[in-house]
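I have placed the structure first, in the form of structure tokens, so that the comments after it can refer back to it.
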Amino acid sequence: MSVRELYVKGARVWIPDPDQVWRCAELTKDYKNNIVAVVYDDAQTEDLVVKNDEELPPLRNPDILIGENDLTSLSYLHEPAVLYNLQVRFCNQNAIYTYCGIVLVAINPYDEMPIYGPDTISAYRGHSMGDLDPHIFAVAEEAFTQMERENKDQSIIVSGESGAGKTVSAKYAMRYFATISGSDSETQIEKKILASNPIMEAIGNAKTTRNDNSSRFGKYIELDFTPSYSIMGANMRTYLLEKSRVVFQAPDERNYHIFYQLCSAAEQGKLPHLKLRKPMRFHYLNQGLQEGPMVASKPRKGHQDNFHYLKQGSSPHIDGVDDAEDFIETCKAFSLLGINEGMQEQIFRILAGILHLGNVVLEEGNGDSSAISTGDKSLKTVSELLGIDLEDIRKWLCNRKIVSGREVFTKPMTLTEAVFSRDALSKHIYAKLFDWIVTQINKCFAAKAKPYRFIGVLDI
Ligand SMILES: Nc1ncnc2c1ncn2[C@@H]1O[C@H](COP(=O)(O)OP(=O)(O)OP(=O)(O)O)[C@@H](O)[C@H]1O
């Protein structure tokens, strides 16, 4: 149909609006001479001038298609049509999922929905994607049956902006596979996979302004299956951990949860040797000014005991989160995944070491050099916790080694360089620890025999 036939009196269109994004309107005359005369739902009228046909407002779909569960069945598929359809489904039908062909669009309800229980899992089992309402379980079921039927590996990609619900969706997909395909051994691999969540969240998630539990890394989990399609193992790969967060957090954000968990545990009298005492009272830390990393390298008087690496966001508490309880969960999960108490102790020492390292006060030295006072308590604690000679750390936090041919020089670092290098060291230690923990988890997940097929879930 030509434009002239579509844009006639009575045709319904979407007009861009700065407040409502898109506003419904109806043409009051046939479109001609580059004028679109419209009346809005609230009876307001307007004559819109368009330069050419390309600028004509998008047409609305017929009412009968409103709330369709697959966007591809809409007559007109453009931004306002997609947004309106999703809005109608979410607000009027309480439906958070909508298909767009084989893609599942999910709206984060920020509320518990009674749609993830075992009954729902059973309901979706054995059904094709179009049979029932759109659901993450339908996508998981499709991947599983495709693997069985086509005998091919499958992958589910979960993408979206921060806080959209990617990790929750990926978790439900894993739960679906775990429920419908229990492992055939006593290893209870599915239990282990679910148990890895508290650990990965503790070490890889943090509060951001968009999401209280934001994953600051990408995760790809491959579930391995036997020839009879039972789960036999898994493998997790992680990408792009946000290392900078270890040493710097924007206002209203936090460092990785594990640090606050440790501090809360210490407040309850646990782990005294880590010397995470009073500073864990975050309301006190919270009073710190927003400081840049350079200035903050010299904690202000009265803040000497606060952890610079935890306080910059000035947002130490998350509503509804009990860091001390989460710490217990993290420890339980470590134990379930074969990271015994001895290893946990080492992990906690390293993490506490990072916090104390952030409190080492670097000062201007003579000339272009930097120095650390001999009485710096944080440095002493770093030395004890990380098992590094005190004088060695003092030296190498303020100097660097330069190799030129066969000669090796020691060059003093300026204060700025020393602060940068201390923070780089903290980030490096954290990233190595993160990778080590992932490796340990993978050892626990590993299939005993060669996997037959896999389903991958990518949460980016
Ligand atoms: N299906 C859902 N039902 C109920 N609440 C949900 C659902 N999906 C997400 N949420 C809520 O939204 C929050 C953010 O979701 P999630 O952590 O999955 O986002 P994300 O896309 O992974 O974010 P980021 O990229 O920052 O890690 C969750 O903590 C949860 O409270």
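Taken over the stretch 404-424, the criterion of being touching a strand residue (DSSP E or B) at 6+ places or on another chain (Cβ under 8 Å) and loosely packed, with under 15 Cβ neighbours inside 10 Å is satisfied by 408, 409, 410, 411. In the same structural domain as residue 331 (by TED's automatic domain parsing), surrounded by 16 or more Cβ atoms within 10 Å (Cβ to Cβ) and out of contact with any Cys (no Cβ under 6 Å at 6 or more places or on another chain), is that true of residue 427? Here the answer is yes, as residue 427 does meet what is asked. In the set (1) touching a residue at least 60 places away in the same chain (Cβ under 8 Å); (2) surrounded by fewer than 19 Cβ atoms within 10 Å (Cβ to Cβ), residue 144 fails one condition alone, (2).
Residue 408 passes every criterion in (1) farther than 19 Å from residue 357 by Cβ; (2) under 23 Å from the mean Cα position of the chain (by Cα); (3) of a type in the set (A, V, I, L, M) apart from (2). Considered as a group, the residues in the stretch 80-127 that are within 13 Å of the ligand (Cβ to nearest atom) and among the hydroxyl-bearing types (Ser, Thr, Tyr) include one that is least open to solvent (accessible area, probe 1.4 Å), and that residue is 97.
Taking the stretch 328-343, which residues are open to solvent by less than 10 Å² (accessible area, probe 1.4 Å) and assigned to a helix (DSSP H, G or I)?
If the condition is that a residue be open to solvent by less than 10 Å² (accessible area, probe 1.4 Å) and assigned to a helix (DSSP H, G or I), then 330, 333, 334 are the ones that fit.
Among the candidates 212, 224, the residue that is outside any helix (DSSP H, G or I) and either in the same structural domain as residue 347 (by TED's automatic domain parsing) or open to solvent by 40 Å² or more (accessible area, probe 1.4 Å) (or both) is uniquely 212. Based on this model, can you work out whether residue 396 counts as within 31 Å of the chain's Cα centre (by Cα) and open to solvent by 30 Å² or more (accessible area, probe 1.4 Å)? Criteria not met by residue 396. Over 17 Å from the mean Cα position of the chain (by Cα), within 13 Å of the ligand (Cβ to nearest atom), crowded, with 19+ Cβ neighbours inside 10 Å and closer than 21 Å to residue 445 by Cβ - does that describe any residue in the stretch 199-207? Within the stretch 199-207, none of the residues are over 17 Å from the mean Cα position of the chain (by Cα), within 13 Å of the ligand (Cβ to nearest atom), crowded, with 19+ Cβ neighbours inside 10 Å and closer than 21 Å to residue 445 by Cβ.
Return yes or no: is residue 222 among the acidic types (Asp, Glu) and closer than 24 Å to residue 96 by Cα? Answer is no for this residue. Of all residues in the stretch 9-34, those satisfying the criterion of being surrounded by 13 or more Cβ atoms within 10 Å (Cβ to Cβ) and over 21 Å from residue 79 (Cα atoms) are 28, 29, 30, 31, 34. Taken as a whole, the condition of being open to solvent by less than 20 Å² (accessible area, probe 1.4 Å), within 11 Å of the ligand (Cβ to nearest atom), touching a strand residue (DSSP E or B) at 6+ places or on another chain (Cβ under 7 Å) and in a helix (DSSP H, G or I) applies to residue 170. Restricting 366, 286 to those that are farther than 22 Å from residue 431 by Cα, modelled with pLDDT under 90 and in contact with a Ser or Thr (Cβ under 6 Å, 6 or more places away or on another chain) reduces the list to 286.
Just one of (1) open to solvent by less than 40 Å² (accessible area, probe 1.4 Å); (2) more than 13 Å from the ligand (Cβ to nearest atom); (3) charged (D, E, K, R) fails for residue 219. It is (2).
The values are calculated or read from the model by the stated rules, or taken from the named source; none is laboratory data. Remember, predicted model here, so these are calculated numbers, not experimental data. Methodologically, a virtual Cβ is constructed for each residue, glycine included, from the backbone with ideal geometry; neighbour enumeration extends over all protein chains shown. Surface accessibility is based on the protein's heavy atoms, side chains included, excluding ligands, DNA and RNA. Shrake-Rupley method; radii C 1.70, N 1.55, O 1.52, S 1.80 Å.
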